[in-house]
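See structure below.
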Amino acid sequence: MVKVTIDGVEVSVEPGTTILNAARQIGGDVVPPAMCYYSKLPGTGGKCRTCLVEVAAGSAADPRPMPKLVASCSTPVQDGMVVNNKSSQRVHDNRGGVVEFLLANHPLDCPICDQAGECHLQDLGYEHGSAKTRYEEDRRIFEPIDIGNKIKLHMNRCILCYRCVYVANQLTDKRVHGVLHRGEHAEISTYIEQAVDNDFSGNMIDVCPVGALTDRTFRFKSRVWFLKPMEAERSCSKCCGKAVVWMFGNEIYRVTARKDQFGEVEEIEQKTAWLCNDCRFEKKEVTDWNVLGPRVINRQSVISQGKYATTIDKPVKRIS
Amino acid sequence: MTNRKLLLEHLDVPGIQGIDAYVKHGGYASLKKALQKMSPDEVVEEVKKSGLRGRGGAGFPTGLKWSFLAKPEGIPRYLVCNADESEPGTFKDRYLMEKIPHLLVEGMILSSYALGAKTSYIYIRGEFMYVLEILQNAINEAYAKGYLGKNIFGSGFDHDLVITPGGGAYICGEETALLESLEGKRGNPRIKPPFPAVKGLWASPTVVNNVESIAAVVPIVRDGGDAYASIGIGKSTGTKLVSACGNLERPGVYEIELGLSVEEFIYGDNYCRGIAKGKKLKACVPGGSSVPILPHHLVTKTAAGEQRLMTYESLADGGFQSGSMLGSGGFIVFDEDQCIVRNTWNFTRFYAHESCGQCSPCREGTGWMEKVLHRLETGKGHLRDIDLLADINKKIEGNTICPLGDAAAWPVAAAIRHFRDEFEWHVTHPEEAQIRNYGLIQQPLVA
Ligand SMILES: Cc1cc2nc3c(=O)[nH]c(=O)nc-3n(C[C@H](O)[C@H](O)[C@H](O)COP(=O)(O)O)c2cc1C
Ligand code: SF4
Ligand code: SF4
Ligand code: FES
């Protein structure tokens, strides 16, 4: 085991653990935001740069600070390493810079985006963004392409985290989409327009941190916070069949995987609970599912809107 | 100063492209010497002694890089030559490969012997198809003579040399993007660690070296590392190819001894012979488009008033405040008529176009800077844009996966640092800026 201190909190982790995962073991505030790293998809990370942290001491053996900020998702800890995340102004400033870059060309069409309310870019913007933009240029617009009747690609919203590419590589039996072109013209696309249709392609929607990939069978049906997320399961020959069904009254509006506190698909019985496309897109009757009960929702989340009583349990600070 | 030539010595020999003339002028003697009289480690030792530093831009000591190569049992090792030369202003590798292709071929076999690589690759820029043919021809000749293939010079050393063209992307010159491309994938730089020395091509230990670095191994083995190190000053040893371009009386590729003064290089009769058409020097980018620009008063002299030399150290003297870098040796000179704002925009346009788009600061930042600079250049800028550019710079620098982000940020930062008045003038005189360039009247220039 190696010891690492993050924002003053010490933790012992397996050698080879990344700074980000060490921080996740501590939990709470010291966890850097991760827009591209996805623990269940080997190879992801390093791209978005939102997880940048400052290494104040490289290791016990060589306690010099690292000159540059490092991507915490792809930098392994060393014994005696000292890391500053929340506690560093430099991290704060540069992360703000990254968020500004991510938002520079973003269409900011949250009012008509199905991801609104569960979008990691919204959360990130709320925590690290500024109220005004310095970007005066025309925003980048991509030609829309049709990738089939199940998944909607809205490239203007994409942050090029590459997660969906890894899903296609690692979960489906044939990848037909990827990144074309380069620089700011880089885009998620299919090679010679093809439909992305595969038993597990729907997981791309769950890993997409923004509204670039959304569920076409749920498109514009409802805002997510008007729905009741319920844990449900069914026996399925293709996947684990353990999902969250999003209900309005007795109707199922959409089906997603169960996600953990970091927004990643949960592990159930030591296996990542990916869903097959049948369970996700075809099973929309209550009778298709064994509904187990309400899903616990983080109270800070907008999805908790109207689901918890609004009593204030602590007195609010008086405004004098 | 003497002007010894180690790489381009036989440039003018008729037929030097072919193997017969090359061998007649001492070609493949270094290879024979190494294979018959030296162990691989002795070759590495000579390269270490020579003080040779990577000629691709970063200047990392080649011998040291070679000694980092992991050597696990039963796993192949590779040498890859980086011939993707695409940095604006840099055209020395192409010149060398085109004129004396066997120097690179010999260097590749020699270096592979030192590293224990059974197969090596030359990854050549896709636009250089005619150079590829010249090299392929040289490789075929070497095979025919038995310098490649099995049991070279009866030493028991087998070697195969493969040449592959890139698809025409600057980013594939970054060593890990190059390896991805060589493996047939999209040329995105890899996240490091692991470094190529541990896990490079096909997950095997790999050394990536520039064309000129590999070619320099030939004279190093021939004359010995100490002889090579006797040329140059301090940690800048040997000779360097410099591709001089821009407003020079005699642009071209020169082999110089490191330590030559910048003044002599620009104005000397043996070199560029001054600024074209009798004009005055305005600025210089001494090491390819990625390095900071120097204003005229900092080109031949450092801020401390010392003579500026063509060495890694002297060109960097003053840090980013008043210095630059030797970089890849792409020496770009601007005369008094050139517009710095336009040039900065042009460079930035290149980086925005060539960014692989993997990491957000580089993808979004280079595009953003390009648009702001374009507005400034075309008279649609605001004064606040200049500070904005400086700030975008800071948010890119050091925050990206590969150094392309820094390479895009530094030239802009340096241009604003040294030529801020010119940027401001573009804002305050938008119409005038469209018909003439700043600097002709406002600022009397001293040569
Ligand atoms: C964006 C980018 C482009 C590069 N292009 C080249 C190139 O065209 N040729 C080259 O030799 N090195 C290039 N490099 C440097 C290589 O990554 C690498 O450092 C070099 O090939 C190592 O060889 P050396 O040690 O012999 O210099 C580039 C680096 C970056 C970041
Ligand atoms: S579509 Fe979504 S998952 Fe895919 S790269 Fe873009 S943001 Fe990432
Ligand atoms: S810095 Fe630019 S070129 Fe390098 S990996 Fe990032 S996006 Fe690609
Ligand atoms: S999460 Fe680390 S760079 Fe994206």
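All of the numbers you see were taken from the coordinates with simple rules; none came from a lab. Remember, it's a predicted structure, so these values are computed and weren't measured experimentally. For neighbour counting, all protein chains shown are included, and Cβ atoms are generated from backbone atoms with ideal geometry for every residue, glycine included.
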With Rg from the Cα atoms and Rh as the Kirkwood inverse mean 1/r over Cα pairs, the protein assembly as shown has an Rg/Rh of 1.02
The Kirkwood hydrodynamic radius of the stretch B:161-297, taken as the inverse of the mean 1/r over all distinct Cα pairs, in Å, comes to 18.0
The stretch A:87-138 -> Rg/Rh from Cα coords, Kirkwood Rh, value 1.00
Rounded to the nearest Å, the spacing of the alpha-carbon centers of the stretch B:341-390 and the stretch B:104-163 is 41
Percent of all alpha-carbon pairs of chain A at distances over 31 Å, whole number, is 37
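Take the Cα pairs of the stretch B:147-211, get the Kirkwood Rh, then feed it into Stokes-Einstein at 4 °C and 1.567 mPa s and tell me D in µm²/s. Can you show the working numbers first?
Details: Rh = 13.2 Å.
Stokes-Einstein gives a translational diffusion coefficient of 98 µm²/s.
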Out of A:Thr256, A:Thr50, A:Thr75, a Gaussian network model of chain A with alpha-carbon springs under 10 Å gives the largest mean-square fluctuation to A:Thr75
Out of A:Leu121, A:Leu108, A:Leu227, a Gaussian network model of chain A with alpha-carbon springs under 10 Å gives the largest mean-square fluctuation to A:Leu108
Under Stokes-Einstein, the stretch B:19-230 at 25 °C and 0.890 mPa s, with its Kirkwood radius over C-alpha pairs, diffuses with a coefficient in µm²/s of 145
Rounded to the nearest 10, the angle in degrees between the Cα long axis of helix B:360-377 and the longest principal axis of the Cα atoms of chain B comes to 50
Over all directions, the stretch B:340-436 yields a Cα convex hull whose mean projected area in nm² is 5.3
Sorted by chain and number, the residues with a modelled amide H under 5 Å from that of B:Thr237, at a separation of 5 or more or across chains, are B:Arg53
Computed from every Cα-Cα pair in the stretch B:1-134, P(r) in 5 Å bins starting at 0 and rounded to whole percents is 2, 9, 16, 21, 22, 18, 9, 3, 1, 0
Here FRET efficiency (C-beta to C-beta, A:Arg90 to B:Thr119, R₀ 35 Å, nearest 0.05) is 0.20
Semi-axes (Å, rounded, descending) of the ellipsoid equivalent to the stretch B:238-335 per its C-alpha gyration tensor are 18, 15, 12
Note to self, chain B gives a 222 nm [θ] from helices alone (DSSP H runs n ≥ 4, -39500 (n - 2.57) apiece, / all residues, nearest 500) of -12500 deg cm²/dmol
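Let me spell out the model: positive unit charges on the Cβ of Lys and Arg, negative unit charges on the Cβ of Asp and Glu, origin at the Cα centre of chain B. What dipole size does that give, in debye rounded to 20?
It works out to roughly 480 debye.
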Between the Cα axis of helix B:129-145 and the main Cα principal axis of chain B, the angle (0 to 90°, nearest 10) is 20
Expressed in nanometres to one decimal, the distance between label points 7 Å along Cα→Cβ at B:Glu98 and B:Phe195 is 3.5
Rh (Kirkwood, all Cα-Cα pairs) for the stretch A:2-101, Å, reads 13.2
Over 29 Å (Cα to Cα) among A:Lys132/B:Lys395; A:Lys150/B:Lys199; B:Lys192/B:Lys395 -> A:Lys150/B:Lys199
Whole-Å distance linking the alpha carbon centroid of the stretch B:1-21 with that of the stretch B:164-183 is 30
Taking alpha-carbon centroids only, the stretch A:78-119 lies from the stretch A:218-253 a number of Å equal to 29
Helix B:404-428 sits off the longest principal axis of the Cα atoms of chain B, rounded to the nearest 10 on a 0 to 90 degree scale, by 20
Expressed in µm² per second, the diffusion coefficient of the stretch B:87-197 from the Stokes-Einstein equation, with Rh the Kirkwood radius over alpha carbon pairs, at 4 °C and 1.567 mPa s, is 86
Partner aspartates and glutamates whose C-alpha sits under 12 Å from that of B:Lys280, ignoring same-chain residues fewer than 8 away, are B:Glu249, B:Asp335, B:Glu336, B:Asp337
Projected onto their principal axes, the Cα atoms of the stretch A:226-283 stretch, largest extent first, over whole-Å spans of 33, 28, 14
Here chain B gives, from Cα atoms, an Rg and Dmax in Å of 22.4, 73
Cα extents of the stretch A:51-159 along the principal axes, largest first, in whole Å, come to 55, 33, 24
